[in-house]
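Structure, as structure tokens:
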Amino acid sequence: SIVFLHEPRGEFGVQHRPLPVREGTMSFSKRVSVLLTTLVLSFAAVAVSQDDGEKVVDGFSEADRSAMADTAEKHEFQTEVNRLMDIIINSLYTDKQVFLRELVSNAADALEKARFHSVQDDSFLGDTKDLEVKIEYDADGKTISITDTGIGMSKADLINNLGTVAKSGTTNFLEAMAEGSDTNLIGQFGVGFYSAFLVADKVTVTSKCNDDPTQHVWESSADASFTVVPDPRGNTLGRGSRVTLHLKEDAHDYLSEDKLKDAAKKYSQFIQFPIYVKVKKEVDVEAEEDDDDDDDKEDEDDVETKDDEEKEEEEKESKPTKKTVYEWEQVNTQKAIWLRAKEDITEEEYTEFYKSISKDYLDPLAYTHFNAEGEIEFKSILYLPKKAPFDMMDNYWTKRSEVKLFVRRVLVAEKFEELLPRYLNFVRGVVDSDDLPWNITSKKLVRKVLEFMQELAKEEESGDDEDEEAEGEEEKKEEKKDKSDEDGTWTKFWKEFNKNLKMGCYEDDSNRSKLSKLLRFATTKSEGKEISLDKYLDRMQESQESIYYMSGDSMEVMLKAPALQIFKKKDIEVLMLSDHLDEPCLQKLADYEGKKFVSIQKADVKLDETEEEKKRFTKIKDMYKPLTDWWKDSLTELTEKGAMKDAGVKIEKVEVSKRLTESPVVVVTSQFGYSAQQERVMKAQAFQNKDQISMMSGRKTLEVNPNHPVVVDLLSKVKANKDDAAAKDTAAVLFQTALIESGYEIADPSALVSRVYRLMSKELGVDPDAPLKEVEVPEDEEEEEEEEEEEAEEEKEDGAKEEL
């Protein structure tokens, strides 16, 4: 009897004649050999069939292309389009992915037109009812195709829309290129289709519209001409367009599912029509039965029972195997929530949307959703993050705004420098407009952001005022205590992003007054809490004409400063600036609501005085004139010729102080010079200019307290003898210690240290000029005992020797 081995089939359906084998006449190894031979013949047949077959690229066979070449109409590009393509092909682009953004955007416009016509005419869509975009690639043909079921184009449309430019958009683009504009924003000039030549050396457009019964093919190799020809295959699209890009060699990396999916998702995730990318997947399938199962059943009576080895082989073949399938995967599943009404969107949706666009794992701190109307219209959702990035200020000068810019739901720019100023680069969100007038949109957007921040600040401040009014009731006090445990929204925001707003106050002249409303500072009366400038004005004394401030490293240091003593005595509130950006910010502001900012660490601070106080101060000045004149001359000699000549300190004057109540002296700088805090900041700069620092440091003024015992004693000594060495030492030490206490640095502290040692020596009754003598070191007791023991042993040895 005869047993037939498996009858193989070729890839293209080619059947091969089975090989008969007589049962019992062949060993297992020979059977396997016959089977392998059969497989080799099968693969050879497949290879032959592939060589004989025609190559198909983008659905066109060689015969189709030959027919198209014979009947094609050749047209010349308009001159402007020629120039445009030359720029696109030969210019350097930072990101070539814009080609996909532009082509998908065009497809979405075509779909929108088809949808519009279908509303007016129910039969417009016909059999092709699904409005969608499909993206696929052919690794063998090195092509990428974007197919849509939109309105499509007739022959005339292909010639007019792709060969000429009806608008002045191209002219505008060329002019912008000549001026050095950003070429990545080519979408704003309506020349998106030609971006295909960024990655392709030939572009084929197949299109079919309802107004033209014939499907046409447009093709160009960017060689100043294009062809249009009827499609020899007939109507394959039904309705719509298919753009196929024959990729350049350096663009073959786009022949990847992941690359296409990422690019489509990045730029077009909010397009209202579904966008699909063709993906390859492997699935588990059961082993298929042979096509000739029926024939085998007919011969069952003639086939003897197979041996155990054949049964095992059949069991192995019946196990699940991997099969490659192709599917269309939608990439734009997320919806553009900013187009919906605010009342229809839940908090969870706002939060999820924020996390998707910002890649932040935390919920947003606050958000605003608004539609800007008027001359320029746009829709936007903006978020304030809960935490500042750890490197926010490190990259301050180079970091761009991360508000995503969309035009009709198509991403135009992820990071756009001109959309928001640098100090607002922490804001996240989206802006969607139908047009792109950047300068007007930017101004409106900045105004909206600052108004949103002002609303948050006012809400918190009004809540604090209500709490203060309720202090009399015990229940309200408990509520206030509970509320104080948790910071409000604006307080949380200020802790994270206060430096940005201070930088904005310094940089943004047009919005400085709005930013000043948002500033918060600790004061001598705020108990560590930061308050607004408005609240400071509400608590000002009636006769107070200025807003007083001082700067320093910390609150603890500033509260001990001598310059603050008179303000504590008069109960005047002072702003405490502990951040190095605070003082430049207030100096840029200059005033607030008509009240000037005045540093209490600088000269010429004016306080409200009675006539009696003025008369008394005039008499004291006259009484201490001998001391102040002598001290001025002494310090001038010290700083210009003496031990501090290299310190860079210049003395303006010595005068009686109005601000000291406890300390004997204080050093203040001139009105327009650096404060001590600013000097430290400037000296810490890596690229400091020592000459500029020296010039801006200002001349120092030494103020003396006429009521302090040390100053009174010094006055009496100066009156008795102006050349008193002890008086000169005391005056120098007081000046240098006042410099340190006021926050200034001493370039060479050795002179001060030497004087301190001399004063300590005198205090202890030791002559500071006595020469140093080497101290005699007494012998240790242990060494004396050891010497005595050695002597005793020597005596014993001598006695023993005498006895012997």
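Dipole of segment 493-566, Cα-centred, from +1 at each Lys and Arg C-beta and -1 at each Asp and Glu C-beta, to the nearest 20 debye?
So the dipole magnitude of segment 493-566 works out to roughly 180 debye.
State to the nearest 20 debye the size of the charge dipole of segment 538-673 about its Cα centre, where the only charges are +1 on K and R beta carbons and -1 on D and E beta carbons.
Computed about the Cα centre, the dipole is about 460 debye.
Compare the peptides 755-766, 361-372 by average per-residue count of other Cβ atoms within 10 angstrom and give them in order, highest first.
Highest to lowest by the protection proxy: 361-372, 755-766.
Would you pull out the residues with amide H under 5 Å of K248's amide H, same chain only if 5 or more places away, H placed 1.01 Å from N?
A200, D201
Provide the gained length on full extension for the span K645 to D250, in nm with one decimal, where the gain is 0.36 nm per separating residue minus the Cα-Cα distance.
Full extension from K645 to D250 adds 135.4 nm.
Tell me the label-point distance for the pair K722, M623, using the 7 Å Cα-to-Cβ offset, in nm and rounded to one decimal.
For K722 paired with M623, the spin-label model returns 2.2 nm.
For segment 524-611, what does the alpha-carbon gyration tensor say about shape, rounded, prolate or oblate, given a ≥ b ≥ c as the root eigenvalues, a/c under 1.5 as rounded, and a/b over b/c as prolate?
rounded
I'd like to compare 226-238, 607-619, 491-503: which one has the highest average count of other Cβ atoms within 10 Å, and what's the full order after that?
Order by mean packing, descending: 491-503, 226-238, 607-619.
Explain nothing, just compute: Karplus ³J(HN,Hα) = 6.51 cos²θ - 1.76 cosθ + 1.60, θ = phi - 60°, for every residue of segment 497-505 in order, whole Hz, x for Gly and Pro.
For segment 497-505, the Karplus-derived couplings read 10, 5, 5, 5, 5, 5, 5, x, 4 Hz, x marking Gly and Pro.
Which peptide among 57-66, 656-665 comes first, and what is the full order, when sorted by highest mean count of other Cβ atoms within 10 Å?
Result, highest mean first: 656-665, 57-66.
Rounded to the nearest 0.05, what FRET efficiency is calculated for Y757 and K443 with R0 set to 56 Å and r the Cβ-Cβ distance?
Between Y757 and K443 the formula returns 0.30.
At 0.36 nm per residue, minus the direct Cα-Cα distance, what do K596 and E76 gain on full extension? Give it in nm, one decimal, please.
Taking 0.36 nm per residue and subtracting the Cα distance, the gain is 180.2 nm.
Calculate one ³J(HN,Hα) per residue across segment 358-374 by plugging θ = phi - 60° into the Karplus curve 6.51 cos²θ - 1.76 cosθ + 1.60, and present them in order as whole Hz with x for glycine and proline.
Along segment 358-374, the couplings run 9, 6, 9, 7, 8, 6, x, 6, 7, 8, 9, 10, 8, 10, 8, 10, x Hz.
Filter the cross-link list K458/K514; K208/K261; K569/K595; K514/K606; K444/K514; K55/K281 down to pairs whose alpha-carbon distance in this structure exceeds 18 Å.
Over 18 Å apart, Cα to Cα: K208/K261; K569/K595; K514/K606; K55/K281.
Which is farthest toward the positive dipole end of segment 233-288 among V285, T244, S256, measuring Cα position about the Cα centre, with Cβ charges +1 (Lys, Arg) and -1 (Asp, Glu)?
T244
Any read-out appearing in this document is the output of simple, stated calculations on the displayed coordinates, not a laboratory observation. Everything numeric in this text was worked out from a predicted model, so none of it was measured. Ideal geometry is used to build each Cβ from the backbone, glycine not excepted, and the neighbour counts take in all protein chains shown.
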